[in-house]
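> Right, I'll just put the structure down here and ask away after.
Taken together, the values in this text are just the output of simple stated rules run on the coordinates, not laboratory data. Every value quoted in this text rests on a predicted model; they were computed, and no experiment measured them. Neighbour counts run over all protein chains shown; Cβ positions are idealised from the backbone, glycine included.
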Amino acid sequence: MPFGIQPTYLFRDNDGIYGDKVGRFLKGTGIEEVRIAFRCPWQNPFVERYGGTLRRELLDHVIILSEEHLKRLLKEYIEGYYHIARPHHGLDGETPFPTDKLEPVTEPRRLVSIPVAGGLHHRYIRVAA
């Protein structure tokens, strides 16, 4: 698991695509499977919130040309912006991986903008002046 932490629960819908193997795997790993009610996506707010954010901040603003293009955009958005530069409400406005806290600012620096997802979003870093 990422970060060496195993989840206690996995919330999922009742889509038939999962089959029985997913439930058996989760049981074997000690993860409790929590199924939401049929046709009730509001019961899985984390996935719904993330899907809405992804749609509003990326997919509503681009024309997807192919599956590879979609994969590349998603990877760049998630790895280059969502986890690194985008403030998260649940983290009191911090990013999941705050870069400013890694090294204290001790000398004059200037702010540099790095375009992400074709310039749709920007990540900002401090560099030596």
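> VAL116's amide H: which non-local residues (gap 5+, or another chain) put their own amide H closer than 5 Å, with H modeled 1.01 Å from N in plane and none for Pro or chain starts?
Result for VAL116 returns HIS121, HIS122, ARG123.
> Quick one: what do you get for the chain if you divide its Cα Rg by 2.2 N^0.38 Å?
Rg over 2.2 N^0.38 Å, computed on Cα atoms: 1.36.
> Among residues other than ILE78 whose Cβ falls under 14 Å from its Cβ, what is the net charge (Lys/Arg +1, Asp/Glu -1)?
Neighbourhood net charge equals +3.
> Please compute the alpha carbon radius of gyration of the range 6-73, then divide it by the globular-protein estimate 2.2 N^0.38 Å. Two decimals is fine. Please list the in-between numbers first.
Numbers: Rg = 15.4 Å, N = 68, 2.2 N^0.38 = 10.9 Å.
Expressed relative to 2.2 N^0.38 Å, the Cα Rg reads 1.41.
> What percent do you get for the relative contact order of the chain when only Cα pairs under 8 Å and 6+ apart count? Intermediate values should be presented prior to the final figure.
Details: 110 pairs, mean separation 19.8, N = 129.
Contact order relative to length: 15 percent.
> Take the Cα atoms of the range 1-43, build their convex hull, and give its volume per residue in Å³.
Values: hull volume 3.7 nm³, N = 43.
Hull volume normalised by residue count: 87 Å³.
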